[in-house]
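Notes follow once the structure below has been shown.
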Amino acid sequence: MTRVRNPQLNKNGELIHLLSLERLPSEIVTHILDTATNFVSVNDREVKKVPLLRGKSVFNLFFENSTRTRTTFDIAAKRLSADVFTLDIGRSSTSKGETLLDTVDNLSAMAADLFVVRHSQSGAPYLIAQHVAPHVHVVNAGDGWHSHPTQGLLDMYTIRHYKKDFSRLVVAIVGDVLHSRVARSDIHALKVLGCPEVRVVGPRTLAPAGFESMGTRVFDNLQEGIKGADVIIMLRLQNERMSGALLPSREEYFKTFGLTPEKLQWAKPDAIVMHPGPINRGVEIDSAVADGPQAVILSQVSFGIAVRMAVMAIVAGNSA
């Protein structure tokens, strides 16, 4: 049987697009994390720039609302000295009926080198990557329920920063896993990096079938799910993606699955608490935990700039 080539890699096995963490070799994931380490110190410089993408044009195409992801991509590209253009989707020609690929073609004609794409439809970044010229690169900033690879990478960077070694960790991902592209990316990355136990924790209505096949253990009881965990990744309830009544109420959800200081004691004493944001305080996490000493949520945001710098520097440095 002929093996289909990973569309993210060139013929030499180098990363030319970042579309998903699924099927990415551990060497590439580790290379991104190692490269990000070199960029973390840029944040502390008086002049926060390096010239790696000087003369390159980066277009941010956010067809879905975003604050943290769009802002950190914008900062990351500028710190690499790229020329950055962020499309106002609400005022763009797509709102007048122009197709996605026509929009990409027109921007490519303006000498785009790299597209950062967030879209509500799963697979949109893949479609663009298959369509663009060989010298143009695509980074997925989140597509539908499918994937959010740079969030997964910055989560892995954060875990590695605080816990050093993945080989003995118990990681619990808690909340609305059904609608979470972050959960899927985190699970793929954790498995690639050798994490022996990944748990998915949440109400049965928000835990999709088939997650066991990804090598996870599924729990519908918070105490059992986070007992002895080294890392807890809390997820936002994505009400905008829900159809029908999947939960009795937000108050009942917080009572059963919301992380409070008392419930956090079920995990290991040195457990870290993460969240991809935005946080719903009093729904999935108590403010005392979100602002507490075990939370590393703001570190995730800070590390996200360095990780996105690493991704863009690597893909733009490799040709098809």
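Observations, loosely collected:
- Of the peptides 39-50, 171-182, the order by per-residue mean of other Cβ atoms within 10 Å, starting with the highest, comes out as 171-182, 39-50.
- Nearest-20 debye value, the stretch 40-190 charge dipole, Cβ charges on Lys, Arg, Asp, Glu: 560
- On Cα atoms only, tilt of 297-317 relative to the major axis of the chain in degrees: 30
- Restricting attention to the chain, lysine pairs at least eight places apart or on different chains and with alpha-carbon atoms under 22 angstrom apart total 18.
- Simple point charges give the picture: +1 on the Cβ of Lys and Arg, -1 on the Cβ of Asp and Glu, and for the stretch 168-220 a dipole about the Cα centre of about 100 debye.
- Computed packing ranks the peptides 197-205, 65-73 as 197-205, 65-73, most packed first, by mean other Cβ atoms within 10 Å.
- Once the 1.4 Å probe is applied to the protein heavy atoms, the stretch 16-115 comes out at 51 Å² accessible per residue.
- Think of the stretch 83-200 as a dipole: +1 on every Lys or Arg Cβ, -1 on every Asp or Glu Cβ, centred on the Cα centre; then among Ser180, Ile128, Gly142, Ser180 lies furthest on the positive end.
- Separation of alpha-carbon centers, the stretch 271-320 and the stretch 152-193, rounded to whole Å: 11
- Here's the picture: charge each Lys and Arg Cβ at +1 and each Asp and Glu Cβ at -1 in the stretch 12-79, and of Ile32, Asn12, Phe59 the one pushed furthest to the positive end of that dipole is Phe59.
- Taking the Cα centre of the chain as reference, the dipole from Cβ charges on Lys and Arg (+1) and Asp and Glu (-1) amounts to some 380 debye.
- Solvent-accessible area of Phe85, all protein chains in place: 90 Å² (probe radius 1.4 Å, heavy atoms, ligands and nucleic acids excluded).
- Size of the stretch 96-232 as Cα extents on the principal axes (Å, biggest first): 54, 34, 21
- Carbon + sulfur, % of accessible area of the chain - ligands and nucleic acids excluded, 1.4 Å: 50
- Estimated translational D of the stretch 29-171 in µm²/s (Stokes, Kirkwood radius over Cα pairs; 37 °C; 0.692 mPa s): 199
- Correct option for Kirkwood radius over Cα pairs in Å [calculated from the coordinates] among (i) 21.0; (ii) 23.2; (iii) 20.2: (iii)
- Of the peptides 288-296, 114-122, the ranking by mean beta-carbon count within 10 Å, highest at the top, reads 114-122, 288-296.
The values are calculated or read from the model by the stated rules, or taken from the named source; none is laboratory data. All figures in this text were calculated on a predicted structure; none of them were measured in a lab. Every residue, glycine as well, gets a Cβ built from its backbone with ideal geometry; the counts of neighbours run over all protein chains shown. Keep in mind that these areas ignore ligands, DNA and RNA; they rest on the heavy atoms of the full protein, side chains included. Shrake-Rupley method; radii C 1.70, N 1.55, O 1.52, S 1.80 Å.
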